[in-house]
Amino acid sequence: MAQFNLNVNGKTQQVDVDPSTPLLWVLRDHLDLVGTKFGCGIAQCGACTIHLNGTAVRSCQLPVSAAEGAQITTIEGLSENGDHPVQQAWMEHDVPQCGYCQAGQIMTAAALLQQNPNPSDEEIENAMNGNICRCGTYLRIKAAVKTASQKL
Amino acid sequence: MTKVNTKLDRRSFLKVSALAGGGMMLSFSWLAGCKPTVEEELGLPKEWFELNSYIKIGENGAVTLYSPNPEFGSNVKTSMPMILAEELDTDWKNVWVEQADFYPERFDRQFTGGSQGIRMGWTPLRTAGATARAMLVAAAAQNWNVPANEITTSAGILEHKASGKKANYGEMASLAATLEVPEEVELKDINDFKIIGHSKKNVDGQKIVSGKPLFAIDHKVEGMKYAAIVHPPAFGMRLKSFDKSSVMGMSGIQDVFPVNVFKDDYVQNFFDTTTFPEIIAIVGNSTWEVMQAKKNLVAEWEKAPETKIAMAGFGGNSMEVTVPAGLENSSSHKSRMAEFLKKPGTVVRKDGDPEGMFKKAAKVIERTYSAPFLAHNTMEPMNCFADVKGDRAVIYGPTQAPEFIMGTISSSLGIPRENIQINLARMGGGFGRRAYSHHMVEAALISQKIQAPVKMVYSREDDMSAGVYRPTYSATYRAALDENNNLLALHVKAGGIPESPLHANRFPAGALDHYMAESWDIPSNITIGAFRAPRSNFIAGAEQSFLDELAEEMGKDPIDFRLELLKRAETDPVGSNNDYDPKRYAGVLQLVKEKSNWSQAQSNVHRGVSAYFCHNSYVAEVVDTVIKDNKPVVESVYAAVDCGIVVNPDAAANMGEGAIVDGIGNAFFGELAFNNGAPTKTNFDTYRMIRQKESPKKIEVHFVESTENPTGLGEPLFPPVFAALANSLYKATGKRYYEQPFAPQLEMENLRM
């Protein structure tokens, strides 16, 4: 066990956990930020995507020890009122079915648009390819990313 | 207007206060409620007045509607309340929706599966809405001293035009709640619908996009422990022993113990399917700690002998089901299935003289199709929260079928049903997998043992290797043609491990004078269960691929060929027990022909068509593929659907799109194989799922305009896409695709997948 000071969604929080603990489980079990989801545990599905210093990363493969000192943003902190342009676009296109993967999809999309505000179809497909949606909402996801890019 | 008797649904109209448990139980959490719109919202009322189990109205006119069925992504949590709101005649923007928990004494059929939620809920929900409306009208009539039949309603407002009196529902709710439930109510004319047929956004949308806790896996209470499970590494194996000391010293680990899912004398039901009735539970302080301990646990496994399970049958009898011993392999599955090419099956339908026709045929075409086992792979792995203390239990978990597991939980815990509360979580996907809720029993037993609340979570590897799969299937189709290429007879022989996919009385049965269907199955210890459109999800692909090849052989357009057969089934059906309506079947083919511009083929676009009937609905689909950079790309999919009245059109299209993507993904990539009883894939690094890049570039879902009552929607768009894709790939590559998944064969064509 060791203590870590984490900057999550603009707040500094202290946790006492094993240094190997993936950030995913620190967020979910210790900080009660359960919007970030567990899907595969091996960085293959994207359900656990968060931003680390603005870059989309898989929190299931990121040991908490590597996250100290970085700006961590989760779905809960993407916007204050759930109204980030990507979140709004997701509502407009009524994207979710079961909804489980969508936080990860939104975090990936938001990071993409931060770096590339006007992505082509191919760039969207490439950026979103690491996020599995078992319900198959891919077309709406792509449409929502485009809508958000026009609003940014 | 239709008059319906409310008696059938009377239990739904009992006042909550009259039931054991009291009103506080009705809502698991007020915070779980959902507000569909933010503009012009009515605040929380001071008091709620309950008109029946589904509906309560506040003094300010705010309406809470309970969505009875578990939500796994088919959006019933929006569409079922839409049906209530329509007949209640309220304004959708004043509606709050809450997920009902499991209360069989208050709600009808709290089951999500078989695409039956809206179909079976249609009349009960309309009746519940209309009954509440009638009680509000009666209250206004009493209050204003005017005849009830002179009062009109609109968008939550009662009005008596002659006297100029007007009130919102909230003003009459307290009186209405005290009135007798009418014996008979009138339902709206469907032409007067204002909510049904008009797209409404997902009531949980805002919560989903902002990451609010909605799923059982998100649940946490004070003092809650975390649990992981360890199950045998292969089908046909069981626990021999384990070494507790291998993990007991580890950080955060509290206890390790075996869990026996069923009591010895328990008679299982059909949905009690579980692969490993004995597992090991590890309990500790956090998910990561119990998952670390899982890796360290030293356990010995042994081969399981053949076992007999007592299974509840029809009429209260129980029957014995045998689970064979042995460690099975995909290679032996294939060879055992291939034996049925020569062996007869059981004849399940025979019209005319098919054998005679095959003898005199000038040409016989025979093709065999197959598909592997599939894992459901819901994005949210199996998990469950349970809090069992003494003789009381609260279970909060992802389940499609609480009724089917309640008795199991009660038996396994030794706690009477009335002391067990099952609360319904939004599910991160279901696809049939969560109709089997052994995970709830496991969590309950773990909590009972430690007498504390616990959240049990499967790893992805546990989830993918725990069974309850889509079976592997094979089907051989034969057609007899005369010297002029006229179709004389059709023969299908189909089976699987461990069940047959055959629906003997579906099309093309009924359209052919000489037809035979044979069925077979091979027992196995690999557990199976419902998977989106069970059986149809395979047989549709086989049948519709064969019809495509047959049409080509006969020199006919594939849509025209199907329409000819359907015309025959309509005008002069063969046999009397055909379970489809040929006219509606033909209707979707005609619609897809029009919408896809079938007659105007584009160069370099390769088209395939398919149509299927299941879950009471008709679907035809056209898939267009192109070869781009040596890679097959699904450019467009057109679907035509006849599912009767469509309650929530945009959400219905969304689900149709998803079913099409799901089908294309499984057709290209879906496969679970076995080596010495162990699944060869246990996570998404090897189990390939369809992703954004392989998704079609465009999908159009067109609904037949209909005044028929709604039928199934979650499943029917899934089965036909397998053949529409295969037929399109044939046009693109010149090769037929008989064996799923298609990707390995496409790679053999030097295409990139």
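Here are the numbers for the structure shown:
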item	result
Simple spin-label estimate for B:Lys735 and B:Glu747 in nanometres, 7 Å along Cα-Cβ	1.2
Contour minus Cα-Cα distance for B:Glu708 and B:Ser599 (0.36 nm per residue)	36.3 nm
Global form of chain B, assessed from the alpha-carbon gyration tensor, a/c cut-off 1.5	oblate
Amide H partners (placed H, <5 Å) of B:Ile528, local residues excluded	B:Val468, B:Tyr469
Fully extended contour minus Cα-Cα distance, from B:Thr686 to B:Ala673, at 0.36 nm per residue	3.6 nm
Two-site FRET efficiency, B:Met120 against B:Lys693, from Cβ-Cβ distance with R₀ of 25 Å, rounded to 0.05	0.05
Paramagnetic reach from B:Gln590 in segment B:494-509 [backbone N under 11 Å; point 7 Å along Cα→Cβ]	none
Where labels lie 7 Å past Cα in the beta-carbon direction, separation of B:Lys220 and B:Glu159 in nm	5.2
Highest to lowest packing among B:653-662, B:670-679, B:390-399, B:175-184, scored as the average C-beta count within 10 Å	B:653-662, B:390-399, B:670-679, B:175-184
Chain B: antiparallel DSSP beta bridges as a percent of all, rounded to 5	75
Potential extension, B:Lys93-B:Lys3 segment - 0.36 nm per residue separation minus Cα distance	29.6 nm
Segment B:292-364-segment B:410-445 distance, computed between alpha-carbon centres (Å)	28
Segment B:563-600 versus segment A:75-116: alpha-carbon centroid distance in Å	43
Inter-probe distance in nm under a simple model that places probes 7 Å from Cα toward Cβ, at B:Asp482 and A:Asn126	6.1
Mean ellipticity per residue at 222 nm, deg cm²/dmol - from DSSP H runs of n ≥ 4 across chain B, formula -39500 (n - 2.57)	-8500 deg cm²/dmol
Prolate/oblate/rounded call for the protein assembly as shown, Cα gyration tensor, a/c under 1.5 rounded	rounded
At R0 = 56 Å, FRET efficiency that the Cβ-Cβ distance of A:Thr55 and B:Glu700 yields, to 0.05	0.95
Long-range amide H partners of B:Gly156 with built H, under 5 Å	B:Thr90, B:Asp91
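Since every read-out is calculated from the coordinates, none of them should be taken as a lab result. All figures in this text were calculated on a predicted structure; none of them were measured in a lab. Don't worry about glycine lacking a Cβ; one is built from the backbone with ideal geometry, like all the others, and counts go over all protein chains shown.
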